[in-house]
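Please treat every number below as a calculation from the coordinates, not as lab data. Note that the structure is a prediction, hence the values are computed from the model and not measured. Every residue, glycine as well, gets a Cβ built from its backbone with ideal geometry; the counts of neighbours run over all protein chains shown.
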């Protein structure tokens, strides 16, 4: 009887260990976050000539050809992946009212969901004042 009880305890411990290991590996999974970011000259992405393009991967670690991957990923996380919160011209910025549009785009996946974002700035001054860290390349 003692051997049966010991065998049951050993089996339960092994099963519990297997569940803990499975739970640990399940939390190691992540939703992908990989984007292609562009800056172009023109009214919209369809007609704009792309001037610069970079890649940005935020999960599992900050990586890509973006010059400040950590800063850009941090800004995106703080904004909850909402690019409209990032591309705002800062208050107190004074720019001319010329129409010389620049367009920024983000295409890819953010935390597992498809992203296709486009924003047009009226001129290079507004672009500089409102592109945030994400479009600083």
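Count, please, the residues in the range 36-55 that happen to be under 26 Å from residue 100 (Cβ atoms) and assigned to a strand (DSSP E or B).
Residues that pass the stated criteria total 12.
Could you check the range 97-132 and list, in sequence order, the residues that are surrounded by 17 or more Cβ atoms within 10 Å (Cβ to Cβ), in a loop (DSSP other than H, G, I, E, B) and under 14 Å from the mean Cα position of the chain (by Cα)?
Matches in the range 97-132: 132 only.
When both residues are 6+ apart or on different chains and their Cβ atoms are under 6 Å apart, which pairs have a first residue that lies in the range 110-121 and is farther than 15 Å from residue 56 by Cα, and a second that is assigned to a strand (DSSP E or B)?
118/105; 119/104; 120/103; 121/102
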